[in-house]
1. Return His241, His90 ranked ascending by Cβ neighbour count within 10 Å, so the fewest neighbours appear first.
2. Could you put Trp64, Trp11, Trp196 in order, starting from the residue whose Cβ has the fewest other Cβ atoms within 10 Å?
3. Quick one: Cα centre-to-centre distance for the range 90-120 and the range 206-223, in angstrom?
4. Assuming a viscosity of 0.890 mPa s and a temperature of 25 °C, what translational diffusion coefficient in µm² per second does Stokes-Einstein assign to the chain, Rh being the Kirkwood radius over Cα pairs?
5. With the cut-off at 25 Å, tell me which of the pairs Lys85/Lys206; Lys79/Lys198; Lys45/Lys216; Lys45/Lys85; Lys5/Lys206 have Cα atoms farther apart than that.
6. What is the distance in Å between the Cα centres of the range 185-205 and the range 127-141?
7. To two decimal places, what compactness ratio does the range 74-155 give when its Cα radius of gyration is scaled by 2.2 N^0.38 Å?
8. Share of antiparallel DSSP beta bridges in the chain, in percent to the nearest 5?
Amino acid sequence: MTAVKQRIAMWSGPRNISTALLRSWGNRPDTFVCDEPLYAHYLLKTRAPHPGADEVIRSQENDWRKVVAWLTGDVPGGKRIFYQKHMTHHLLPEIDRGWLDRVSNVFLIRDPHEVVPSLARVVAEPRLADTGLPQQVEIFSLVRGRTGRVPPVVDARDVLENPARQLRFLCQALDVEFTAAMLSWPPGPRDTDGVWAKYWYDAVLKSTSFQPHRPKNDPVPPHLAGLLDEAADIYRRLHEHRLGQ
């Protein structure tokens, strides 16, 4: 395994296990983690009505150029690995994509049949863009085109059904040594959590490991059937590249 410093950008949509993965990587002694570093810029530009939006904007650097400089600069804390949890929709069109060449891009996906009903409970009229999938496939295609290689794709269900197996696959794809420290973590908040943790992270704050996958059979509202079909089509395109199949 390489000893070269790594910057890992994990691209996810909402209603996924992205924060549990943040805990997993954050429990490695060689890794510094950051939580949605482009969120403040996203909120400042879109004025999306998210809980605590003004507090988020005040808490983070909101100039994307300065954020990108930090993400691609020295790994904080003298660590070897810089794990970055990103939401795909935070990468707004005006943000230059050139910096993606300087990080290892990974994609965390989840079946829209589980995402859309959950999303519909918090977003009154969700759009396809709210799933993060169109942005995710755009970033995936860009990275694949630039590198000539298929970047790693991780499916949330696979991780929950067998965390050790999937994390080994992921570490291997990133040329990082797997450690069992990634499979469990102490409960409670972290200094690296975003200030929005109090609105979104209740379950994760109580967690100490990945929770077993439990199939969700919540019905999709009839008026969202078309949205689900579109999301499922994009998901399938990414799912065919997932690790460990």
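1. Ranking His241, His90 by Cβ neighbours within 10 Å, fewest first, gives His241, His90.
2. Ordered by Cβ neighbours within 10 Å, fewest first: Trp196, Trp64, Trp11.
3. 20 Å
4. Taking Rh from Cα pairs, D becomes 133 µm²/s.
5. Among Lys85/Lys206; Lys79/Lys198; Lys45/Lys216; Lys45/Lys85; Lys5/Lys206, the Cα-Cα distance tops 25 Å for Lys79/Lys198; Lys45/Lys216; Lys5/Lys206.
6. Here the answer is 25 Å between Cα centres.
7. 1.26
8. Numbers: 1 of 22 bridges.
Counting only bridges with both partners in the chain, antiparallel ones make up about 5 percent.
Taken together, the values in this text are just the output of simple stated rules run on the coordinates, not laboratory data. It should be emphasised that the depicted structure is a prediction, and the values quoted were computed from it without experimental measurement. Reconstructed Cβ throughout: ideal geometry from the backbone, glycine too, with neighbour counts over all protein chains shown.
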